[in-house]
Amino acid sequence: MVASPDFAEFLREQLAPLGPLTMRRMFGKTGVFCDGVMLGIVAENTLYVRVDDQNRATFKEAEADPPLNYEKRGSTIDLAFWRVPERLMDEPDELVAWARAALGAAYRAAAKRKRVAPDRRTTARST
């Protein structure tokens with residue numbers, strides 16, 4: 001389920017210190033973007049933030065809940081997005097801190113994708 005208009009507006013207001021947020025429907029959920037990278041996903045009006053090895057300790061509290069996942073061919077596939085504790089919805093400064101850490105992971109993920117692919121041009125062989 002995508003983010004409700006009210007929840008999307010709430011996130012835009014709470015996370016305004018990060019810069020302008022955009023939200024886009026993706027696979028029946030809502031992707032949360034800042035500066036062109038996806039820092040989170042909203043599913044059923046619950047925010048999940050991007051986690052990687054560098055920010056995992058910041059999100060230790062979120063480890064108790066399962067990460068965002070989906071079913072594929074009878075297996076559960078866990079995504080690198082962890083559920084933000086409900087209490088943070090009433091703690092705007094801490095919510096922004098979590099979002100900043102998730103934004104850092106989003107930048108790192110984007111940098112990995114943008115690595116230059118090897119030159120695939122063929123060179124003429126001399127005969």
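Throughout, read-outs are computed from the coordinates displayed, never taken from laboratory work. Since this is a predicted model, take the numbers as computed values, not measurements. Cβ: placed from backbone, ideal geometry, glycine included. Neighbour counts: every protein chain shown.
Numerical summary
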read-out: Simple spin-label estimate for Met1 and Glu61 in nanometres, 7 Å along Cα-Cβ; value: 2.4
read-out: Rounded to 10°, Cα long-axis angle of helix 92-113 versus longest principal axis of the chain; value: 10
read-out: Where labels lie 7 Å past Cα in the beta-carbon direction, separation of Thr76 and Asp90 in nm; value: 2.9
read-out: Value of relative contact order over the chain, rounded to a whole percent, pairs C-alpha under 8 Å and six or more apart; value: 23
read-out: Computed Kirkwood radius, in angstrom, where 1/r is averaged over Cα pairs of the chain; value: 15.9
